[in-house]
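Notes follow once the structure below has been shown.
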Amino acid sequence: MRPAALGNIALACLHLEDLGKGLRAAKAATDILSEPKTATELHHRVLAETYYTRLLIEVQGLQLAKERCELAKRYAKESPSERNELLAALTEGLYEVHAGMVDVGLSRLTQALERARVLKSMLRDALIAMVKAHEVAGKPDVALVYLRELMLHTKKAQQDNALHHHRLHLERLARRQAEQTAPVERLMERREQSLRGKLAEQVAQQELLRSRIELLERLAVTAELRDDATGEHSYRVGRLASLLAHEFGCDEQTCFMIDLAARLHDIGKIGIPDGILLKPDRLSNAERQIMQTHTTVGAELLAKSDVPHLQMAEEIARFHHEWWNGAGYPFGIGGTAVPIAARITALADVFDALTHRRPYKEAWPVARALEEIARLRGVQFDPHLTDLFLALIPRLQREVGDLDEYLAQAARQSPFIQARQKISATLRQFTHGRFDDQR
């Protein structure tokens, strides 16, 4: 057990930046370990070598780090564990970035991150490596994106652990009650009180969330009042984004969150002047720069919230115009550095914009819009999501018939849209001079 304990000390010292103590522990662990033969021994050796390598990297001992990294790779290949291979790949990518092979290292780390998204237990380690690597590579904006995802992942893990321990606590109470032959009625009363308390808390949280979302939907509807004749665009985008998220494999709660959050993707347009937002001709460079600020303006409106829906909405508002190849805005990041909810919303947003009339364009047929999206696969859009989207739309058309009617159901039930339509009708009447005699 001593090598495993020393490895834990080395890892703790790495995260606490107590590098001297960590290096001594890592070296002691590798000195004790003999040539591994079993799967367990191989796993302990891979852990020790990766911790040793990462500590050496931090103190710029790159030559020795390279040697320990090669040992970690060799033992990982001999091991049947995918976790060991991922640990070795993350360590090698960090070494390459620190050694000046930035592009190679970042590419290796990105591939490892995609594998870690499937192997959930490794996602935290992969995100930590991506933050560190991009910081070293002089890309603090991208490092910040991964740091935000790491914080959300850590928060969710803490919540899951809390629920797990609470469940274990209740189970222990139940066993103790049974062993003491206490009346079942007393246990049921306690459980009932506990559940009633949880239910009341859950209802209060849902009501608070609903009130916050409703307030923001008012802003979003106001922002759309000028360039969307129906006010249904944001609702269609939210619904379509949630359907695509379901195709991607997201759970029901995540799909629900994306539906609500994606409705707020263009909330920042409330700060864009009419002369730019409704201009029928091509925008000048200066006008385009102003238009592009709607992403950051919207994100700032949604920022500084501890509500998961609004945190996701902030990410969508900020990043839904980033491109897969890095040619988008506001930061010019690409690939999986763009949060998955923003990549999903981008497809739904562009499709809806193409297939509906805007002040600067006529509506495109669905088939032509899908051809355009297929052309931008791997350029503007995530290739895998694009393939899912291109299969989803024809299937929806076959199953539901009128796609607009289906996607806009929530909008037509919304009191905000109903009020917005009354405002639009009033504005049209004023525009046509019907109330000239009452002015």
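The values are calculated or read from the model by the stated rules, or taken from the named source; none is laboratory data. Quick caveat, the model's predicted, so the values are computed rather than measured. Here the Cβ is made from the backbone with ideal geometry for all residues, glycine too, and neighbour counts use every protein chain on show.
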Could you grab me the full set of residues in segment 124-154 that are among the β-branched types (Val, Ile, Thr), farther than 13 Å from Leu106 by Cβ and buried (at least 20 other Cβ atoms within 10 Å of the Cβ)? Val145
For segment 38-78, how many residues are within 17 Å of Leu6 (Cα to Cα) and in contact with a Pro (Cβ under 7 Å, 6 or more places away or on another chain)? 4
Any residue in segment 359-370 that is of a type in the set (Lys, Arg) and either touching a Pro at 6+ places or on another chain (Cβ under 9 Å) or closer than 17 Å to Leu152 by Cα (or both)? yes
Could you look through segment 217-266, keep only residues that are of a type in the set (Asp, Glu) and assigned to a loop (DSSP other than H, G, I, E, B), and pick out the one that is modelled with the highest pLDDT? Asp251
Just to confirm my filter: which helices (runs of 4 or more DSSP H) fall fully inside segment 279-371 and include at least 1 residues that are crowded, with 21+ Cβ neighbours inside 10 Å and acidic (Asp, Glu)? 308-319, 340-354
Inspect all residues belonging to segment 79-95 and state whether any of them is touching a Pro at 6+ places or on another chain (Cβ under 9 Å), small (Gly, Ala, Ser) and in contact (Cβ under 8 Å) with a residue 24 or more places away in the chain. yes
Hey, Leu19 farther than 20 Å from Gly100 by Cα and not β-branched (Val, Ile, Thr) or not: yes
Within segment 304-312, identify whether any single residue is under 30 Å from Arg108 (Cα atoms) and within 18 Å of the chain's Cα centre (by Cα), and answer yes or no. yes
In segment 255-294, which residues are farther than 23 Å from Arg412 by Cα and among the β-branched types (Val, Ile, Thr)? Ile272, Ile276, Ile290, Thr293
May I ask you to verify whether Glu92 is of a type outside the set (Gly, Ala, Ser), closer than 17 Å to Gln111 by Cα, crowded, with 17+ Cβ neighbours inside 10 Å and within 29 Å of the chain's Cα centre (by Cα)? yes
Kindly list, by first and then second residue, each pair from a residue in segment 391-411 that is farther than 17 Å from Thr355 by Cα to a residue that is of a type in the set (A, V, I, L, M) and buried (at least 18 other Cβ atoms within 10 Å of the Cβ), limited to pairs with Cβ atoms under 6 Å and residues at least 6 apart or on different chains. Ala411/Ile417
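For (1) of a type in the set (A, V, I, L, M); (2) touching a Phe, Trp or Tyr at 6+ places or on another chain (Cβ under 6 Å); (3) under 18 Å from Arg236 (Cβ atoms), each residue gets a yes or a no:
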| site | (1), (2), (3) |
| --- | --- |
| Leu283 | yes, no, no |
| Leu310 | yes, no, no |
| Phe331 | no, no, no |
| Gly335 | no, no, no |
| Ala348 | yes, no, yes |
| Asp352 | no, no, yes |
| Ala369 | yes, yes, yes |
| Leu376 | yes, no, no |
| Val379 | yes, no, no |
Matching residues, segment 63-77, being more than 14 Å from Glu96 (Cβ to Cβ) and under 33 Å from the mean Cα position of the chain (by Cα): Ala76, Lys77
